[in-house]
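The structure appears right after this line, and notes come after that.
Read-outs throughout are calculated quantities, based only on the coordinates presented, and are distinct from any laboratory measurement. Computed from a prediction, not measured in an experiment: that's the story for all the values here. All Cβ positions, glycine included, derive from the backbone under ideal geometry; neighbour counts span all protein chains shown.
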Amino acid sequence: MSASIHVDLWQVAASLVLVALAAAISFWQRADLERDILVATVRSIVQLTLVGYAIKLIFDVDSIWLVLVLLAVMVFFGAITARHRAAKVPSSFGPLLIALALAGASTLGLVVALGIFEPTPRYLVPVGGMVIGNAMTASAVALNRLGDEMGEARARIEATLALGATAREAAAPTVRRALRSGMITLVDSTKTTGLIFFPGTMVGMLLAGASPTDAVRLQLILLYTLLGSVSISALVATGLAYRNFFTSAAQLREPEETPA
Amino acid sequence: MLFELTDVGLDRGGRAVLDSVSASIPEGSTAIVGPSGAGKSTLLRLLNRLADPDRGHIYYRARPLDSYEPLSLRRQVSLVPQLPALLEGTVESNLRYAAELAGEPLDCDATLARAGLDPSFAGRDVAKLSVGEQQRAMLARALAQRPAVLLLDEPTSALDHAARDTIEAALGDLRRSGELSIVLVSHDPEQARRLGDWVLQLEGGRVAGCGPLAEVLA
């Protein structure tokens, strides 16, 4: 898996013709997206170039500690981003931070311990980015659903609490549905992978000149790694976040007294 | 006394829903009456600690209510909410869930009968019951815990006359049996007359009357 290709700047510049085409379609059809396309293009150049230099620096320094710092930063910003999707869940930042950290640490730790990847920046940075990114999406979806469902199921949850059930027992069906919705997207896309879309890693490896066998094998490893990380993050996020809807006396908090 | 309230107050959204409520609720059957928005349901929820007051004290059988562990309190002082909210499954699975929480053996047929339902309801899917039947299943579910006190929040407000009469008949039998105390919230003074011995009348979150039925609702 040491395939490597060189891409010249003129090739990148030439691909901007397709951006111009997109802008022209928008202008012609009055979709009013020309400005957004310009912003998106400039941002993609700046952001990816900066990330490219950062990754180059990390590869050159070749320090596992620098990789861990980078992954910690990803977890932190991932939790901040996911929190916006979970606006109806009180104090969701803590559960999300713990969910992303645990999902990242346990899946990366496991693939390294099983000898699938070497613990070097070359593997940990890209795989860590995918693991944390997917964990973020899954936990955001799960908590978004949790917030909606806790609102809809208020009457049933309180009626169950009124029987002397614990908060965990009363919220269990709701938490289960939220967990499921966080996991199901990746499960479904794993089912159709290769049929309806080619996953990014495989495309990248084929373009870089790797053999199709290697490309498929690496893609499978990554898909299974992501399934693990998505499950852990959705489980931890929902398992911690539902508690914030209840007081210590197993009372359902009023919606107005839940801090955003 | 079953419950004693002293200077109980509770605010929601900057407004006092309950304001300096001091009242006694004896063993037996008590009706909490008053117009909608008077704080009746809120008061009922305080009695099994689904919420706690912001001010004042509540005593249950002479002990501060907050000295009871909330989960075991709720298994003794069982609340049936205004609208039925059963768990997915059959009537029997709901009854069993409640009985197991309370650590009580379940006699399904007998429990159904006390709520005015015949034994054929045990295996029925709760999603396919009418609202009136669901509300009786809610009553049966609470009774499956063998509570000492039954708190009922407008148990017939969503029902037609026939369904209301069935629930009232079941509650009348429970009241006469004397095996548990009942605290019933109702906006209907006639229902209070039919089911209560004692009345607590609320208006605008304050006590407008408290005492034997004949004195308060004369």
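Using every pair of separate Cα atoms, the Kirkwood estimate puts the hydrodynamic radius of chain A at 20.9 angstrom.
Helix-only mean residue ellipticity at 222 nm, chain B, DSSP H runs n ≥ 4 weighted -39,500 (n - 2.57), per residue, nearest 500. What is it?
-10000 deg cm²/dmol
Packing, as the average of other Cβ atoms within 10 Å across residues, places the peptides A:141-152, A:105-116 in the order A:141-152, A:105-116, highest first. For region B:3-216, the residue among B:98, B:198, B:59 whose Cα projects farthest onto the positive side of the dipole built from Cβ charges is B:59. Straight-line reach from residue B:128: which lysines have a Cα under 30 Å away, not including same-chain ones fewer than 8 places off? Output for residue B:128: empty list, no partners.
Using packing as a proxy for protection, rank B:24-36, B:177-189 so that the peptide with the highest average count of other Cβ atoms within 10 Å comes first.
On the way: B:24-36: 20.2, B:177-189: 18.5.
Packing proxy ranking, top to bottom: B:24-36, B:177-189.
Gain on full extension, evaluated as 0.36 nm per residue between residue B:69 and residue B:20 minus their Cα-Cα distance, stands at 15.1 nm. A cut-off under 15 angstrom between Cβ atoms defines the neighbours of residue A:222, and their net charge, with Lys, Arg +1 and Asp, Glu -1, is +1. Over chain A, Cα pairs under 8 Å with separation of 6+ residues give a relative contact order of 26 percent. When each of the peptides B:145-158, A:224-237 is scored by the mean number of other C-beta atoms lying within 10 Å of its residues, the order from highest to lowest reads A:224-237, B:145-158. Given a Förster distance of 45 angstrom, what is the FRET efficiency for residue B:54 paired with residue A:106, based on the Cβ-Cβ distance and rounded to 0.05? Once rounded, the FRET efficiency stands at 0.55.
Overall, the ratio between the Cα radius of gyration of the protein assembly as shown and 2.2 N^0.38 Å, rounded to two decimals, is 1.32. Computed over region B:106-169, relative contact order equals 36 percent, with contacts defined as Cα pairs under 8 Å that lie 6+ residues apart. What is the log10 of I(q)/I(0) for chain B, computed with the Debye formula using one identical point scatterer on each Cα and no solvent, at q = 0.08, 0.19 Å⁻¹? Debye curve over Cα of chain B, log10 I(q)/I(0) at q = 0.08, 0.19 Å⁻¹: -0.27, -1.43. If both residues of a DSSP beta bridge must be in the protein assembly as shown, then about 55% of such bridges are antiparallel. Using all alpha carbons of region A:165-260, what is the percent of pairwise distances in each 5 Å bin, ordered from the shortest bin to the longest? It works out to 2, 12, 17, 15, 12, 10, 8, 7, 7, 5, 3, 1, 0, in whole percents.
Hey, any idea what Rg/Rh is for region A:1-61, computing Rh the Kirkwood way over Cα pairs?
Values: Rg = 15.7 Å, Rh = 13.8 Å.
Using only Cα positions, Rg/Rh for region A:1-61 is 1.13.
Taking the C-alpha atoms only, the angle from helix A:93-113 to the longest principal axis of chain A is near 50 degrees. Of the residues A:135, A:59, A:161, the one whose Cα sits farthest towards the positive end of the charge dipole of chain A is A:161 (charges of +1 on Lys and Arg Cβ, -1 on Asp and Glu Cβ, taken about the Cα centre).
Can you give the % of DSSP beta bridges in chain B that are antiparallel, to the nearest 5? Mind dumping the intermediate values first?
Working: 21 of 39 bridges.
Counting only bridges with both partners in chain B, antiparallel ones make up about 55 percent.
Excluding the site residues themselves, the longest part of chain B lacking any trypsin sites (Lys or Arg not before Pro) in a DSSP loop with at most 15 other Cβ atoms within 10 Å is B:125-218. Computed on region A:6-110, with alpha-carbon pairs under 8 angstrom and 6+ residues apart, the relative contact order is 14 percent.
Cross-link partners for residue A:191 among the lysines, with Cα-Cα distance under 24 Å and sequence neighbours closer than 8 places in the same chain left out, do not exist in this structure. Available extension along the chain between residue A:213 and residue A:12 is 69.5 nm, counting 0.36 nm per residue and deducting the alpha carbon span.
Within straight cross-link reach of residue B:40, meaning Cα distance under 29 Å, which lysines are found once same-chain residues fewer than 8 apart are removed? Partners within reach: A:88.
Which of the GluC sites (Glu not before Pro) found in region B:53-147 are in a DSSP loop and have at most 11 neighbouring Cβ atoms, other than their own, within 10 Å? Write out the running numbers ahead of the final one.
Details: sites: B:88, B:92, B:100, B:133; in loops: B:88.
Answer by residue number: B:88.
Taken over region B:73-188, the convex hull of the Cα atoms encloses 92 Å³ per residue. The dipole here belongs to chain A: it is taken about the Cα centre, uses +1 on the Cβ of Lys and Arg and -1 on the Cβ of Asp and Glu, and is about 400 debye.
From its DSSP helices (H runs of at least four residues, each -39,500 (n - 2.57)), chain A gives a residue-normalised ellipticity at 222 nm of -26000 deg cm²/dmol.
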